[in-house]
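Undergrad: Shown below is the structure under consideration.
The values are calculated or read from the model by the stated rules, or taken from the named source; none is laboratory data. Quantities reported herein were computed from a predicted structural model and do not represent experimental measurements. Methodologically, a virtual Cβ is constructed for each residue, glycine included, from the backbone with ideal geometry; neighbour enumeration extends over all protein chains shown. In case anyone asks, the SASA skips ligands and DNA or RNA and just uses the protein heavy atoms, side chains included. Shrake-Rupley method; radii C 1.70, N 1.55, O 1.52, S 1.80 Å.
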Amino acid sequence: MRVREVGMHHFFVDQNAIEDGKVTICGLDVNHIKNVLRIKQGEELRISDGTGRDYICSLLSYEDEKAVLNIVCESEERTEPARKFYLFQGLPKADKMELIIQKAVELGVYEIVPVSTSRCVVKLDDKKKESKIKRWQAISESAAKQSKRGIIPKVHDVLSYKEALTYAKELTGFDGTVLIPYENFKDMKETREVLDMAAKTANICVFIGPEGGFSESEVDLSLDYFAKRISLGKRILRTETAGLAILSILMYLTEE
(Lines give C-alpha, C1' and ligand atoms only; values in the text may rest on other atoms or scores of the structure.)
Protein backbone atom coordinates (compact mmCIF):
# COMPACT_ATOMS: atom_id res chain seq x y z
CA MET A 1 0.00 0.00 0.00
CA ARG A 2 1.36 3.41 -0.94
CA VAL A 3 1.99 5.82 1.93
CA ARG A 4 0.13 9.11 1.64
CA GLU A 5 2.70 11.89 1.08
CA VAL A 6 0.57 14.97 0.41
CA GLY A 7 1.05 17.58 3.15
CA MET A 8 3.69 15.49 4.91
CA HIS A 9 6.32 17.48 6.85
CA HIS A 10 9.70 17.42 5.12
CA PHE A 11 13.23 17.48 6.54
CA PHE A 12 16.78 17.06 5.23
CA VAL A 13 19.55 15.02 6.86
CA ASP A 14 23.11 14.08 5.98
CA GLN A 15 23.61 10.64 4.47
CA ASN A 16 25.52 9.51 7.58
CA ALA A 17 22.35 10.08 9.65
CA ILE A 18 20.77 7.09 7.87
CA GLU A 19 21.88 3.68 9.09
CA ASP A 20 20.33 0.23 9.55
CA GLY A 21 16.85 1.36 8.50
CA LYS A 22 16.85 4.26 10.97
CA VAL A 23 17.22 8.03 10.64
CA THR A 24 18.64 10.14 13.46
CA ILE A 25 17.79 13.85 13.41
CA CYS A 26 19.80 16.31 15.51
CA GLY A 27 20.01 20.07 15.95
CA LEU A 28 17.31 22.70 15.56
CA ASP A 29 15.02 20.41 13.56
CA VAL A 30 14.46 18.28 16.68
CA ASN A 31 12.91 21.20 18.54
CA HIS A 32 10.75 22.01 15.53
CA ILE A 33 9.54 18.41 15.20
CA LYS A 34 8.96 17.92 18.95
CA ASN A 35 7.75 21.28 20.23
CA VAL A 36 6.38 23.14 17.21
CA LEU A 37 4.86 20.41 15.06
CA ARG A 38 4.32 18.15 18.09
CA ILE A 39 4.96 15.01 16.07
CA LYS A 40 4.08 11.93 18.13
CA GLN A 41 5.34 8.35 18.03
CA GLY A 42 4.14 6.59 14.88
CA GLU A 43 3.46 9.77 12.89
CA GLU A 44 5.17 10.02 9.51
CA LEU A 45 7.66 12.45 8.03
CA ARG A 46 9.35 12.79 4.64
CA ILE A 47 13.16 12.69 4.90
CA SER A 48 15.61 13.61 2.11
CA ASP A 49 19.32 12.78 2.21
CA GLY A 50 20.33 15.67 -0.05
CA THR A 51 21.27 13.44 -2.99
CA GLY A 52 17.76 13.07 -4.41
CA ARG A 53 16.77 10.00 -2.37
CA ASP A 54 13.66 10.45 -0.23
CA TYR A 55 12.20 8.26 2.51
CA ILE A 56 8.89 8.02 4.33
CA CYS A 57 9.67 7.55 8.03
CA SER A 58 7.72 7.13 11.25
CA LEU A 59 8.84 8.59 14.57
CA LEU A 60 10.18 5.96 16.98
CA SER A 61 11.29 8.09 19.91
CA TYR A 62 12.95 11.23 21.22
CA GLU A 63 16.30 10.49 22.85
CA ASP A 64 18.15 13.31 24.60
CA GLU A 65 18.40 15.96 21.86
CA LYS A 66 17.71 13.58 19.00
CA ALA A 67 14.69 12.28 17.13
CA VAL A 68 14.94 8.67 15.95
CA LEU A 69 12.82 7.59 13.00
CA ASN A 70 12.14 4.24 11.37
CA ILE A 71 12.29 4.10 7.55
CA VAL A 72 8.92 2.80 6.33
CA CYS A 73 9.76 2.88 2.62
CA GLU A 74 11.61 4.83 -0.02
CA SER A 75 9.39 7.52 -1.47
CA GLU A 76 7.81 6.81 -4.85
CA GLU A 77 7.52 10.52 -5.53
CA ARG A 78 10.45 11.91 -7.54
CA THR A 79 10.68 15.69 -7.53
CA GLU A 80 14.11 16.44 -9.01
CA PRO A 81 14.25 17.61 -12.65
CA ALA A 82 15.86 15.38 -15.26
CA ARG A 83 18.30 18.21 -16.10
CA LYS A 84 20.43 20.44 -13.89
CA PHE A 85 19.62 24.16 -14.11
CA TYR A 86 22.21 26.70 -12.94
CA LEU A 87 21.03 30.28 -12.44
CA PHE A 88 23.79 32.90 -12.75
CA GLN A 89 22.07 35.95 -11.30
CA GLY A 90 23.48 39.48 -11.52
CA LEU A 91 23.31 40.98 -8.03
CA PRO A 92 20.03 42.91 -7.75
CA LYS A 93 19.17 45.78 -5.43
CA ALA A 94 17.45 45.52 -2.03
CA ASP A 95 16.24 42.05 -1.06
CA LYS A 96 15.18 40.92 -4.55
CA MET A 97 17.75 38.12 -4.43
CA GLU A 98 15.75 36.44 -1.65
CA LEU A 99 12.64 36.27 -3.84
CA ILE A 100 14.68 35.05 -6.82
CA ILE A 101 16.26 32.24 -4.79
CA GLN A 102 12.97 31.14 -3.27
CA LYS A 103 11.15 30.93 -6.60
CA ALA A 104 14.12 29.47 -8.51
CA VAL A 105 14.31 26.62 -5.99
CA GLU A 106 10.59 25.97 -6.43
CA LEU A 107 11.14 25.82 -10.20
CA GLY A 108 13.85 23.18 -9.91
CA VAL A 109 17.15 25.10 -10.02
CA TYR A 110 20.17 23.01 -9.03
CA GLU A 111 22.49 25.87 -8.05
CA ILE A 112 22.29 29.67 -7.82
CA VAL A 113 25.43 31.68 -8.59
CA PRO A 114 25.38 35.37 -7.59
CA VAL A 115 27.36 37.39 -10.14
CA SER A 116 28.91 40.85 -9.88
CA THR A 117 28.59 42.60 -13.25
CA SER A 118 29.47 46.06 -14.53
CA ARG A 119 25.95 47.40 -13.98
CA CYS A 120 25.43 45.97 -10.51
CA VAL A 121 24.59 48.71 -8.03
CA VAL A 122 25.13 46.36 -5.08
CA LYS A 123 28.75 45.98 -3.96
CA LEU A 124 29.46 43.44 -1.24
CA ASP A 125 32.63 43.31 0.84
CA ASP A 126 33.90 39.96 2.15
CA LYS A 127 32.03 40.27 5.47
CA LYS A 128 28.74 41.13 3.78
CA LYS A 129 29.22 38.35 1.22
CA GLU A 130 29.57 35.78 3.99
CA SER A 131 26.43 36.87 5.83
CA LYS A 132 24.43 37.19 2.60
CA ILE A 133 25.40 33.70 1.39
CA LYS A 134 24.41 32.25 4.77
CA ARG A 135 21.04 34.01 4.62
CA TRP A 136 20.45 33.01 0.99
CA GLN A 137 21.33 29.37 1.72
CA ALA A 138 18.76 29.31 4.53
CA ILE A 139 16.13 30.61 2.10
CA SER A 140 17.09 27.88 -0.37
CA GLU A 141 16.66 25.22 2.32
CA SER A 142 13.27 26.56 3.37
CA ALA A 143 12.06 26.67 -0.23
CA ALA A 144 13.39 23.14 -0.85
CA LYS A 145 11.38 21.82 2.09
CA GLN A 146 8.23 23.65 1.00
CA SER A 147 8.44 22.41 -2.58
CA LYS A 148 9.44 18.84 -1.63
CA ARG A 149 12.79 18.97 -3.37
CA GLY A 150 15.13 16.00 -3.05
CA ILE A 151 18.14 18.31 -2.60
CA ILE A 152 18.89 21.70 -1.11
CA PRO A 153 20.17 23.80 -4.02
CA LYS A 154 23.52 25.41 -3.26
CA VAL A 155 24.00 29.17 -3.28
CA HIS A 156 27.51 29.65 -4.64
CA ASP A 157 29.95 32.30 -3.50
CA VAL A 158 29.70 35.59 -5.40
CA LEU A 159 31.71 35.48 -8.64
CA SER A 160 32.91 38.17 -11.02
CA TYR A 161 31.36 38.05 -14.49
CA LYS A 162 34.43 36.48 -16.08
CA GLU A 163 34.74 33.94 -13.24
CA ALA A 164 31.07 33.06 -13.75
CA LEU A 165 31.57 32.48 -17.49
CA THR A 166 34.57 30.25 -16.78
CA TYR A 167 32.55 28.25 -14.24
CA ALA A 168 29.64 27.88 -16.68
CA LYS A 169 32.01 26.67 -19.39
CA GLU A 170 33.36 24.02 -17.01
CA LEU A 171 29.82 22.87 -16.12
CA THR A 172 28.68 22.58 -19.72
CA GLY A 173 31.90 21.38 -21.36
CA PHE A 174 30.76 17.87 -22.26
CA ASP A 175 26.95 18.04 -22.26
CA GLY A 176 25.41 21.41 -21.60
CA THR A 177 24.27 24.82 -22.80
CA VAL A 178 24.90 28.39 -21.66
CA LEU A 179 21.95 30.73 -22.26
CA ILE A 180 21.97 34.51 -22.03
CA PRO A 181 18.61 36.25 -22.48
CA TYR A 182 19.34 39.63 -24.09
CA GLU A 183 16.81 42.35 -24.79
CA ASN A 184 18.48 43.40 -28.06
CA PHE A 185 18.23 39.89 -29.49
CA LYS A 186 14.87 39.57 -31.27
CA ASP A 187 15.02 36.30 -33.18
CA MET A 188 12.28 34.14 -31.67
CA LYS A 189 12.71 31.38 -34.27
CA GLU A 190 16.35 30.92 -33.29
CA THR A 191 15.39 31.21 -29.61
CA ARG A 192 12.97 28.28 -29.94
CA GLU A 193 15.60 26.22 -31.73
CA VAL A 194 18.20 26.97 -29.05
CA LEU A 195 15.81 26.11 -26.22
CA ASP A 196 14.77 22.84 -27.85
CA MET A 197 18.45 21.94 -28.20
CA ALA A 198 19.26 23.04 -24.63
CA ALA A 199 16.46 20.86 -23.24
CA LYS A 200 18.29 17.79 -24.52
CA THR A 201 21.52 18.59 -22.65
CA ALA A 202 22.36 17.61 -19.08
CA ASN A 203 23.47 20.97 -17.66
CA ILE A 204 21.83 24.28 -18.54
CA CYS A 205 23.35 27.56 -17.33
CA VAL A 206 21.23 30.72 -17.49
CA PHE A 207 22.77 34.18 -17.14
CA ILE A 208 20.49 37.00 -15.95
CA GLY A 209 21.67 40.58 -15.70
CA PRO A 210 20.96 42.95 -12.79
CA GLU A 211 18.79 46.06 -13.12
CA GLY A 212 20.01 47.64 -16.34
CA GLY A 213 20.90 44.27 -17.84
CA PHE A 214 24.23 43.22 -19.31
CA SER A 215 26.45 45.64 -21.16
CA GLU A 216 27.03 44.97 -24.86
CA SER A 217 30.66 44.09 -24.14
CA GLU A 218 29.55 41.52 -21.53
CA VAL A 219 27.21 39.88 -24.02
CA ASP A 220 29.98 39.84 -26.62
CA LEU A 221 32.35 38.24 -24.09
CA SER A 222 29.80 35.52 -23.30
CA LEU A 223 29.89 34.43 -26.96
CA ASP A 224 33.59 33.65 -26.54
CA TYR A 225 32.47 31.14 -23.88
CA PHE A 226 29.96 29.57 -26.29
CA ALA A 227 26.89 31.19 -24.74
CA LYS A 228 23.72 31.27 -26.83
CA ARG A 229 21.74 34.50 -26.95
CA ILE A 230 17.97 34.12 -26.65
CA SER A 231 14.94 36.40 -26.48
CA LEU A 232 12.29 36.45 -23.77
CA GLY A 233 9.84 38.28 -26.00
CA LYS A 234 9.03 41.86 -26.93
CA ARG A 235 8.60 43.12 -23.39
CA ILE A 236 11.41 44.11 -21.04
CA LEU A 237 11.34 41.93 -17.92
CA ARG A 238 12.65 42.92 -14.51
CA THR A 239 15.69 41.04 -13.26
CA GLU A 240 13.57 39.21 -10.70
CA THR A 241 11.17 38.11 -13.46
CA ALA A 242 13.55 37.15 -16.28
CA GLY A 243 15.24 34.21 -14.55
CA LEU A 244 11.95 32.78 -13.35
CA ALA A 245 10.50 33.07 -16.86
CA ILE A 246 13.29 31.08 -18.50
CA LEU A 247 13.37 28.51 -15.67
CA SER A 248 9.64 27.96 -16.14
CA ILE A 249 10.16 27.38 -19.86
CA LEU A 250 13.02 24.94 -19.21
CA MET A 251 11.01 23.08 -16.58
CA TYR A 252 8.16 22.65 -19.07
CA LEU A 253 10.52 21.45 -21.82
CA THR A 254 12.42 18.97 -19.66
CA GLU A 255 9.87 17.64 -17.17
CA GLU A 256 9.38 13.89 -17.49
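Undergrad: Taking the range 205-256 on its own, how many of its residues are not acidic (Asp, Glu) and not in a loop (DSSP other than H, G, I, E, B)?
TA: Within the range 205-256, residues that are not acidic (Asp, Glu) and not in a loop (DSSP other than H, G, I, E, B) number 28.
Undergrad: Report, by residue number, each residue of the range 15-69 that is among the basic types (Lys, Arg), within 19 Å of Arg149 (Cβ to Cβ) and touching a helix residue (DSSP H, G or I) at 6+ places or on another chain (Cβ under 7 Å).
TA: none
Undergrad: In addition: Just give me the residues in the range 101-121 being of a type outside the set (Lys, Arg) and touching a Ser or Thr at 6+ places or on another chain (Cβ under 8 Å), in sequence order.
TA: Within the range 101-121, Ile101, Gln102, Val105, Glu106, Leu107, Ile112, Val115, Ser116, Thr117, Ser118 qualify.
Undergrad: Sticking with this structure for a sec: Going through Thr177, Thr254, Thr201, Thr241 one at a time, which residue ends up being of a type in the set (Val, Ile, Thr) and buried (at least 20 other Cβ atoms within 10 Å of the Cβ)?
TA: Step by step, each of Thr177, Thr254, Thr201, Thr241 is checked, and only Thr177 is of a type in the set (Val, Ile, Thr) and buried (at least 20 other Cβ atoms within 10 Å of the Cβ).
Undergrad: Which ones in the range 23-34 are within 11 Å of Ile47 (Cα to Cα) and open to solvent by 40 Å² or more (accessible area, probe 1.4 Å)?
TA: If the condition is that a residue be within 11 Å of Ile47 (Cα to Cα) and open to solvent by 40 Å² or more (accessible area, probe 1.4 Å), then Thr24 is the only one that fits.
Undergrad: How many residues are in contact with a strand residue (DSSP E or B) (Cβ under 6 Å, 6 or more places away or on another chain), free of Cβ contacts under 8 Å to residues at least 60 places away in the same chain and in a helix (DSSP H, G or I) if we restrict to the range 84-119?
TA: 1
Undergrad: Of the residues that make up the range 50-57, is at least one more than 30 Å from Pro114 (Cα to Cα), surrounded by 15 or more Cβ atoms within 10 Å (Cβ to Cβ) and touching a residue at least 40 places away in the same chain (Cβ under 8 Å)?
TA: Checked against the condition, which is being more than 30 Å from Pro114 (Cα to Cα), surrounded by 15 or more Cβ atoms within 10 Å (Cβ to Cβ) and touching a residue at least 40 places away in the same chain (Cβ under 8 Å), the range 50-57 yields at least one hit.
Undergrad: State yes or no: is Ile100 surrounded by 17 or more Cβ atoms within 10 Å (Cβ to Cβ) and modelled with pLDDT of 95 or more?
TA: Here the answer is yes, as Ile100 does meet what is asked.
Undergrad: May I pose another question? Looking only at residues in the range 120-140 that are surrounded by fewer than 16 Cβ atoms within 10 Å (Cβ to Cβ) and touching a residue at least 24 places away in the same chain (Cβ under 8 Å), which one is farthest from Ser215 (Cα to Cα)?
TA: Result: Arg135.
Undergrad: Name the residue that is surrounded by the fewest Cβ atoms within 10 Å (Cβ to Cβ), counting only residues in the range 105-119 that are under 15 Å from Thr79 (Cβ atoms) and touching a helix residue (DSSP H, G or I) at 6+ places or on another chain (Cβ under 7 Å).
TA: The initial filter retains those residues of the range 105-119 that are under 15 Å from Thr79 (Cβ atoms), namely 105-110.
Those left that are additionally touching a helix residue (DSSP H, G or I) at 6+ places or on another chain (Cβ under 7 Å): 105-109.
Numbers: Val105: 27, Glu106: 17, Leu107: 21, Gly108: 22, Val109: 29.
For the range 105-119, the residue satisfying everything is Glu106.
Undergrad: I've got another one for you. Using beta carbons and a limit of 7 Å, which pairs, at least six apart or on different chains, have the first residue in the range 1-14 and at pLDDT 90 or above and the second one buried (at least 17 other Cβ atoms within 10 Å of the Cβ) and of a type in the set (Val, Ile, Thr)?
TA: Filtered contacts from the range 1-14: Phe11/Ile25; Phe11/Ile47; Phe12/Ile152; Val13/Val23; Val13/Ile25; Val13/Ile47.
Undergrad: Would you point out the residue of the range 223-234, among those that are farther than 15 Å from Ala245 by Cα and touching a Lys or Arg at 6+ places or on another chain (Cβ under 8 Å), that is least open to solvent (accessible area, probe 1.4 Å)?
TA: Tyr225
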